[in-house]
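The values are calculated or read from the model by the stated rules, or taken from the named source; none is laboratory data. Note that the structure is a prediction, hence the values are computed from the model and not measured. In this analysis, Cβ positions are derived from the backbone assuming ideal geometry, glycine residues included, and neighbour counts consider all displayed protein chains.
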Amino acid sequence: MSWVVVARKDFEDAIRSRWLQGLTALFVGLVALIAAISLPPEGQTVSTNAVLGGSFVGLLSGTLAPLIALVVAYSAVSGERESGSLKLLLSLPHSRADVVFGKVAGRAAALSTAIIVGFVVPAVILAFGPLELDVLTYIGYTLLVALLVSVFVAIAVGWSAAAPSQRTALAGAIGLYFLFVPFWDAVRFPLQFALQSLPEWVPVSATAVSNALFLINPASAFRGLTGALLRGQLFAGETAALQVSALSMLLFWLLAAPLAGLYVFQRRDL
């Protein structure tokens, strides 16, 4: 269980990181501010779904959370390689796989803790107001945000392991963020249009192409799951199969990104 040792140390280092502390404080403050603004006038009530389904909370969860993950994790391996500490780490009884997966686990745990704290604070604020709190929905939403953050940590660490330098790792992290978050539709729609023009003998329907291009992006898969959760139809109704695919895609990224980075890392000189 050598990777557990790496994960524990990386968790402790991440928790002490000023970057993480500052970004966590920003996330907590923004979510708490939105929760306070969401309090209705006296005599009225507000539901959990109304708060979580608001555009501002969705924007924070789907936009700021991935950015925090990429910023905190992009230098996980490349930074230690350039500082020389990676050689010291690998001189201990740790394999390169232990390093990669330990850093994914450690930083994902640190950021998930920060996310949970970020959603506990507004829950306390709203508890003192006229909130019809659906505890299971609130917990489910929080866990899905933590999963999204963990996926982007895995993507960042995988890229960090594969990148030849920290500068390349930073540039790649910026590029991945813009690809997956603000510009995905600009990439998806032309691809969807091109793939829909495939010959009739190709056994792929236009709907299958559209769903695949939607779900392959972890941020889109997250939106699909949270939307179903807030509608009270998580893994139920007509879109149940699509939701299972969305969750499967998130888990795929969680494992495949570090494995791809490890494949390159194993063949790279320190």
Pull up region 218-244, narrow it to residues that are within 22 Å of Phe183 (Cα to Cα) and among the hydroxyl-bearing types (Ser, Thr, Tyr), then point me to the one that is surrounded by the most Cβ atoms within 10 Å (Cβ to Cβ).
-> Thr226
Top-ranked residue in region 166-210 [being modelled with pLDDT of 90 or more and among the small types (Gly, Ala, Ser); ranked as nearest to Arg81 (Cα to Cα)] | Ala169
Please enumerate the residues belonging to region 146-196 that are under 17 Å from Phe214 (Cβ atoms) and of a type outside the set (A, V, I, L, M, F, W, C).
-> Pro182, Asp185, Arg188, Pro190, Gln192, Gln196
Might you let me know whether region 36-48 holds any residue that is over 20 Å from Leu254 (Cβ atoms), modelled with pLDDT of 85 or more and hydroxyl-bearing (Ser, Thr, Tyr)?
-> no
Considering every residue within region 140-147, establish whether at least one is of a type in the set (Ser, Thr, Tyr), touching a Gly at 6+ places or on another chain (Cβ under 9 Å), part of a helix (DSSP H, G or I) and over 29 Å from Ser220 (Cβ atoms).
-> no
Set Leu131, Leu126, Leu88, Leu136: member being among the hydrophobic types (A, V, I, L, M, F, W, C), over 28 Å from Leu60 (Cβ atoms) and modelled with pLDDT under 90 | Leu88
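Table: residues versus (1) part of a helix (DSSP H, G or I); (2) closer than 19 Å to Leu144 by Cβ; (3) touching a Phe, Trp or Tyr at 6+ places or on another chain (Cβ under 9 Å).
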position	(1), (2), (3)
Val209	yes, no, no
Ala212	yes, no, no
Ala219	yes, yes, yes
Ala228	yes, yes, yes
Gln233	no, yes, no
Val244	yes, yes, yes
Met249	yes, yes, no
Arg268	no, no, no
Could you check, for region 82-96, whether at least one of its residues is surrounded by 15 or more Cβ atoms within 10 Å (Cβ to Cβ) and of a type in the set (Asp, Glu)?
-> no
Which of the residues spanning region 77-121 are free of Cβ contacts under 8 Å to residues at least 40 places away in the same chain, closer than 30 Å to Leu136 by Cβ and of a type in the set (A, V, I, L, M)?
-> Ile116, Val120
